[in-house]
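Visitor: One structure follows; several queries about it will come next.
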Amino acid sequence: MSDSPRVATRLFPTLLPTVDPPTGPPPPWFIDGVKFECTACGKCCKVQGDVWLSPNEVECAARYLSLSPESFLATWGEEERRGWILLKSRTFSPAQGGGEGCVFLSDDLKCSIYDARPLQCRTYPYWPRIMHSRETWEAEKVVREGEEGEGRRWDPVEGGCEGIEHAEAGMVDFNKVRQQLLLQIGYNRALPGDFLP
């Protein structure tokens with residue numbers, strides 16, 4: 001991950017602050033921060049999609065569950081590539097809203113390995129495809145469950161985040177957003193194959 005700033009600069013030329021004269025690129029759209037607060041709804045874990053754990057994350061999650069990495073793979077892994085493990089998914093009942101999601105999402109929609117969850121989970125919603133522009137950030141926003149109003153509603157295929165721009169959300173400053181985005185960019189580069197969250 002030592003090349004993350006270089007990668008970030010190539011993918012997001014305005015991610016890093018510049019001291020160049022005004023002829024340099026404009027600052028990123030999120031220079032003043034973003035309005036976000038996790039609502040702990042569990043919906044980001046209840047969408048169709050892949051969750052990969054790096055070799056270090058496999059060891060950490062296995063240790064958290066008092067398992068060997070081999071037992072962790074046999075129990076929770078769908079596939080293994082170069083030490084990375086693709087987690088199995090689980091199916092939710094109609095009473096739970098249906099659909100598929102992370103195998104570690106409990107019936108009460110809480111992460112059962114929260115303290116050992118992978119970086120992919122820790123950095124959401126600060127993923128490159130979401131942070132690319134204000135429009136992609138806004139497109140990830142969904143109306144909070146139980147709230148009235150217009151806007152996109154969460155569903156298990158399209159997903160979305162009700163913590164983005166909700167009324168009680170605080171501001172997350174540029175440095176925090178930048179840090180999370182750089183972590184995810186480095187993580188994406190290390191992923192096996194062509195999977196990107």
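Visitor: Within the range 134-160, how many residues turn out to be surrounded by fewer than 20 Cβ atoms within 10 Å (Cβ to Cβ) and assigned to a helix (DSSP H, G or I)?
Guide: 5
Visitor: Can you tell me which condition Ser66 does not meet? The list is (1) loosely packed, with under 14 Cβ neighbours inside 10 Å; (2) in a helix (DSSP H, G or I); (3) at pLDDT 95 or above, and all the others hold.
Guide: (2)
Visitor: Pairs please, first residue from the range 23-42 and on the phi > 0 side of the Ramachandran plot, second anywhere and surrounded by fewer than 16 Cβ atoms within 10 Å (Cβ to Cβ) and in a loop (DSSP other than H, G, I, E, B), Cβ atoms under 7 Å, 6+ apart in sequence or on different chains.
Guide: Going by the 7 Å Cβ cut-off, the qualifying pairs are Gly33/Asp173; Gly42/Lys110.
Visitor: Looking for something of a type in the set (A, V, I, L, M), over 29 Å from Arg63 (Cβ atoms) and modelled with pLDDT of 90 or more - is there at least one such residue anywhere in the range 144-158?
Guide: no
Visitor: Among the residues of the range 82-89, are any outside any loop (DSSP other than H, G, I, E, B) and among the basic types (Lys, Arg)? Show your work before the answer.
Guide: Here is the first cut: in the range 82-89, the ones outside any loop (DSSP other than H, G, I, E, B) are 84-87, 89.
Now restrict to residues that are among the basic types (Lys, Arg): none.
No; the residues of the range 82-89 include none that is outside any loop (DSSP other than H, G, I, E, B) and among the basic types (Lys, Arg).
Visitor: Something else now. Specify the residue that is farthest from Glu147 (Cα to Cα); the eligible residues are those in the range 161-175 that are in contact (Cβ under 8 Å) with a residue 40 or more places away in the chain and not in a loop (DSSP other than H, G, I, E, B). Walk me through how you get there before you give the answer.
Guide: So in the range 161-175, the residues in contact (Cβ under 8 Å) with a residue 40 or more places away in the chain come out as 161-166, 168-174.
Subset that is not in a loop (DSSP other than H, G, I, E, B): 161, 164, 171-172, 174.
On the way: Cys161: 14, Ile164: 14, Met171: 21, Val172: 23, Phe174: 28 Å.
Among those residues, the one meeting the criterion is Phe174.
The values are calculated or read from the model by the stated rules, or taken from the named source; none is laboratory data. Quick caveat, the model's predicted, so the values are computed rather than measured. Reconstructed Cβ throughout: ideal geometry from the backbone, glycine too, with neighbour counts over all protein chains shown.
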